[in-house]
2 protein chains.
Amino acid sequence: MIKEKDIQNKIDSKTKPLGALGMLEAIALKICKVQNTLNPKLIEPHILVVAADHGIAEEGVSAYPQDVTWQMVYNFLKEGAAINVFAKQHNINVLVVDAGVKKELKAHTKLIDARVANGTANFLYKPAITEPELTIAKNHAEKIINDISSSTSCNVFGFGEMGIGNTSSAALIIHCLTGIALKDCIGRGTGLNDEQYSKKIDILTHALNKHKLDKRNVLEVLHYFGGFEIATICFAMIACYNQNKLILVDGFIASAAFLCANKFEPKIIDNAIFCHQSNENGHKYLLAYFKATPLINLNMRLGEGTGCAIAYPIIKSAVEFINNMASFESAGVSNKEVELA
Amino acid sequence: MIKEKDIQNKIDSKTKPLGALGMLEAIALKICKVQNTLNPKLIEPHILVVAADHGIAEEGVSAYPQDVTWQMVYNFLKEGAAINVFAKQHNINVLVVDAGVKKELKAHTKLIDARVANGTANFLYKPAITEPELTIAKNHAEKIINDISSSTSCNVFGFGEMGIGNTSSAALIIHCLTGIALKDCIGRGTGLNDEQYSKKIDILTHALNKHKLDKRNVLEVLHYFGGFEIATICFAMIACYNQNKLILVDGFIASAAFLCANKFEPKIIDNAIFCHQSNENGHKYLLAYFKATPLINLNMRLGEGTGCAIAYPIIKSAVEFINNMASFESAGVSNKEVELA
């Protein structure tokens, strides 16, 4: 077992003032610990973009029509979306997972069929996901991670999502599991105006008050307010943890899924890298709840795993410096601090 | 002449909610404007690491001995430093410029001889740089940019630096030209302890009070408190602006050089991208002075152009999305916002 002290010593031997690479040093340390090595590697990174539809979208909580979910799935498969462009830039594999899009999709080599049902139920009237459906999502998620892990050498997984209405689901999940005020968890999603935003708050407040649930019970929270993509990502993250993979956490929705995973498996935080801070209102509060400082904060609010992809080269830089920078000794650079008179 | 409105229309046609790519959209817009195109390109990026020594280092204002300057130059040339590792990761060309290191250096294909003198004078006693020396630095800087521009297709330049003692020089320059309190401009550099830090403040305060200079006169400020690397970077940035190149601004020292360049040529800000916020104390104040939000803030404080290199893939992502993402029309994705009842 590699000792943390030995990793830190390697970092401190590099030709730079102590601590001068800031968060890159913390990331390098984290990856070395997960991989139990002084020579960490990022191998065949994958981003899974998990898509599903939400019954609550019927209530008009999004600025875009529900058809955008399946339309964007085809856009991912045709490699025209933001995540495709950024993943290609960094040699990240993108796979699209249909966890329950409200339309039958044409088969494609990059599309994984993990449909739980034809969209969730509208949680304004009844629980979004049945208990058997949660089990199906869990089984699908485990199979996906197992299949990729056995057919590739991938040791780092990022998770993105697509699902019109899913900021509503995520807001309720985050409120229930963290106690952050519901209003702080609700944002403008894809771009609601003031009136639409106000209506979204009313609808979600109404849904919360309608169901008498145990807010501390993560399964119950997913049952009432979950989305198929959120549940699938949650269980996939746990599967990654169980296989000792690095987990890249994207924005608001993916972080809500991570929150659920963290409630099931608190130690999952050791394998997680918070990639970016989304501009969606609630994300900063959720990051604070985790005491997490994300790598980037570029006012992005797109989902799809784009935060993971944009942050990926920074994570790679952490691995590069610990492996490839010269040490004071090897470079013949003085490391002795001057005694000031 | 491409209109800003046409660039914005292209950005808004992409398959994403309006504004959802945040700062990437602002960067794409900026690059399109500089390059006067809807299809921007980053070609053969260069980072110039400009090194020089400082007379003030005699006073013990740094935690490291002055020899580290030339030792690090050799480390750059042997590709063992942080900037080499990160530049290699992103296919950025690194050239090292000797602007006045206090040692005769062996020739090397990646080393540009632009020596002004054997280190600056100690500004505790006399002006750091003579007026003829400033002219020499200017001529060298212009020649360097002209040579690279004529021998390559490079259209983007980053600037890094190495010089034991140079946070002292930069602190005084920034104080004089912005009016930010001197104490706020002074940081711990490579890692001073409390006692050393307190002594640095005393020395710089003493130096400031000794010389009666016109703080608004940038040439005079460089004359009294400049460094050869800072002056060279300043004039090189202006040469880049005159040739319509993109200018990547790194951390505390490079930003002090940019400040000087900006005083000479206010419109240079149009070509500049602020890459990162350094952990060196004064940098956040200087960025606020420019009303600049840097791309990354990873608590780095290493110099060498490392902030430019780490931020570079984000800049590239801005170029990638505007060139390569599908539009709503081409992808068949609905762009019409739902009318909420």
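The values are calculated or read from the model by the stated rules, or taken from the named source; none is laboratory data. All of these numbers come straight from a predicted model, not from anything done at the bench. Note that we place each Cβ from the backbone using ideal geometry, even for glycine, and neighbour counts take in every protein chain shown. Surface accessibility is based on the protein's heavy atoms, side chains included, excluding ligands, DNA and RNA. Shrake-Rupley method; radii C 1.70, N 1.55, O 1.52, S 1.80 Å.
Quick notes on this structure:
- With the label put 7 angstrom out from Cα along the Cα-to-Cβ vector, B:Tyr125 ends up 8.8 nm from the copy partners, going from closest to farthest.
- For peptides B:123-132, A:52-61, sequence by mean Cβ density within 10 Å, most packed first: A:52-61, B:123-132
- A:Asp67-A:Asp194 FRET efficiency (beta carbon distance; Förster radius 25 Å; 0.05 resolution): 0.50
- Net charge of neighbours whose Cβ lies under 12 Å from the Cβ of A:Gln35, counting Lys and Arg as +1 and Asp and Glu as -1: +3
- Solvent-accessible area, 1.4 Å probe, carbon plus sulfur percent, for chain B: 49
- Cα gyration tensor, segment A:34-115 - rounded (a/c under 1.5), prolate or oblate: prolate
- Semi-axes of the equivalent ellipsoid for the protein assembly as shown, computed as √(5λ) from the eigenvalues of its C-alpha gyration tensor and ordered from largest down, come to 49, 26, 22 Å.
- Average partner coverage of A:185-192, which counts Cβ from other chains inside 10 Å: 2
- Taking every DSSP beta bridge that has both ends in the protein assembly as shown, the antiparallel portion is near 5%.
- Alpha-carbon centroids, segment A:260-335 and segment B:92-158: separation in whole Å: 36
- Of the trypsin sites (Lys or Arg not before Pro) found in segment B:263-312, the ones in coil according to DSSP and having at most 10 other Cβ atoms within 10 Å of their Cβ are B:Lys291.
- Screening chain A for DSSP H helices whose Cα atoms reach 20 Å or more along their own axis and whose mean Kyte hydropathy is at least 0.5 gives A:228-242, A:306-324.
- Estimated [θ] at 222 nm from DSSP helical runs (n ≥ 4, -39500 (n - 2.57)) normalised by residues in chain B, nearest 500: -14500 deg cm²/dmol
- The protein assembly as shown, accessible area per residue, ligands and nucleic acids excluded (1.4 Å, Å²): 37
- In the assembly of identical copies, A:Asp184 has its label point, taken 7 Å from Cα in the direction of the beta carbon, separated from the corresponding points by 2.9 nm (ascending, one decimal).
- Chain A: relative contact order in percent, alpha carbon pairs under 8 Å with at least 6 residues between: 24
- What separates the B:Ser153 label point from its copies, with the point 7 Å along Cα to Cβ, is 3.4 nm, written shortest first.
- Closest approach of a chain B Cβ to the axis relating B and A (residue, whole Å): B:Pro313, 2.
- Average beta-carbon neighbours from other chains, 10 Å sphere, peptide A:23-34: 2
- Local electrostatic count, A:Ala51, Cβ distance below 11 Å [Lys/Arg +1, Asp/Glu -1]: -2
- Under a 5 Å amide H cut-off, with hydrogens placed 1.01 Å from N, B:Gly160 pairs with B:Leu48, B:Val49, B:Val50 among residues at least 5 apart or on other chains.
- Counting every C-alpha pair in segment B:46-315, the share spaced more than 27 angstrom apart comes to 28%.
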